[in-house]
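Novice: Can you read through this structure? Questions will come right after.
The values are calculated or read from the model by the stated rules, or taken from the named source; none is laboratory data. If you're wondering where the values come from, they're calculated on a predicted model, not measured in any experiment. When we count neighbours, we look across all protein chains shown, and the Cβ atoms used for this are built from the backbone with ideal geometry, even at glycine. For accessibility, only protein heavy atoms count, side chains too; no ligands or nucleic acids. Shrake-Rupley method; radii C 1.70, N 1.55, O 1.52, S 1.80 Å.
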Amino acid sequence: MYELNDTIAAISSPTSAQRVILRITGPDTVELCSQIFDPPLSAGNSSVAAGRVTIDDELELDANLYLFCAPHSYTGDDTAEFHLYTNPSATKSLMSAF
């Protein structure tokens with residue numbers, strides 16, 4: 001069972017599209033994003049950053065990261081959106097990383 005304070009990740013775009021939007025929201029959002037996104041994020045600052053998502057040692061993708069810090073997001077929690085141009089296989093691997 002999920003708790004209201006869990007951090008969740010979900011694809012928020014059609015999965016057959018080349019452009020994929022992955023949304024993450026919850027108390028661990030900044031920490032999770034910092035583990036896979038370069039350049040490093042600064043907690044407490046809403047921002048837009050271009051960088052790279054590292055899924056594993058062999059797979060890195062260019063991405064834009066939109067960070068909306070609490071309470072200034074739709075959910076009221078820290079929320080991040082990764083915007084990537086990729087394929088369904090890489091999308092599945094990215095979701096598995098979370």
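Novice: Out of residues 5 or more away from Ala70 or on other chains, whose amide H comes under 5 Å of its own, with H placed 1.01 Å from N in the peptide plane?
Specialist: Those qualifying (amide H under 5 Å, at least 5 residues apart or on another chain) are Asp78, Thr79.
Novice: Where Lys and Arg each count +1 and Asp and Glu each count -1, what net charge lies around Asn64 among other residues with Cβ under 14 Å from its Cβ?
Specialist: Every neighbour counted, the sum reads 0.
Novice: Going by the alpha-carbon gyration tensor, a ≥ b ≥ c the square roots of its eigenvalues, is the chain rounded (a/c under 1.5) or, if a/c is not under 1.5, prolate (a/b greater than b/c) versus oblate?
Specialist: Prolate.
Novice: Okay, next question. Fully extended, how many nm does the chain gain between Ala50 and Thr75 (0.36 nm per residue separation, minus their Cα-Cα distance)?
Specialist: Here the answer is 6.7 nm.
Novice: Something else: With every protein chain present, what is the per residue accessible area of the stretch 25-93 (1.4 Å probe, Å²)?
Specialist: 58
Novice: So what is the relative contact order for the chain, in percent, with contacts set as C-alpha pairs under 8 Å and at least six apart?
Specialist: Relative contact order of the chain: 29 percent.
Novice: Okay, next question. At 1.4 Å probe size, with the rest of the protein present, what percent of the exposed accessible area of the chain is carbon and sulfur atoms?
Specialist: The nonpolar share, carbon plus sulfur, comes to 51 percent.
Novice: Next up: So what's the back-of-envelope 222 nm ellipticity for the chain, counting only DSSP H runs of four-plus at -39500 (n - 2.57) apiece and dividing by all residues, rounded to 500?
Specialist: The helix-only estimate for the chain comes to -5000 deg cm²/dmol at 222 nm.
Novice: Here's something else I'd like to know. Give me the one-decimal nm value for the distance between modelled label points at Met95 and Glu58, 7 Å along each residue's Cα-to-Cβ direction.
Specialist: 2.2
Novice: A further question on this structure: So for the pair Ser13, Asp38, with labels modelled 7 Å out along Cα→Cβ, what separation do we get in nm?
Specialist: Computed distance between label sites Ser13 and Asp38 equals 2.3 nm.
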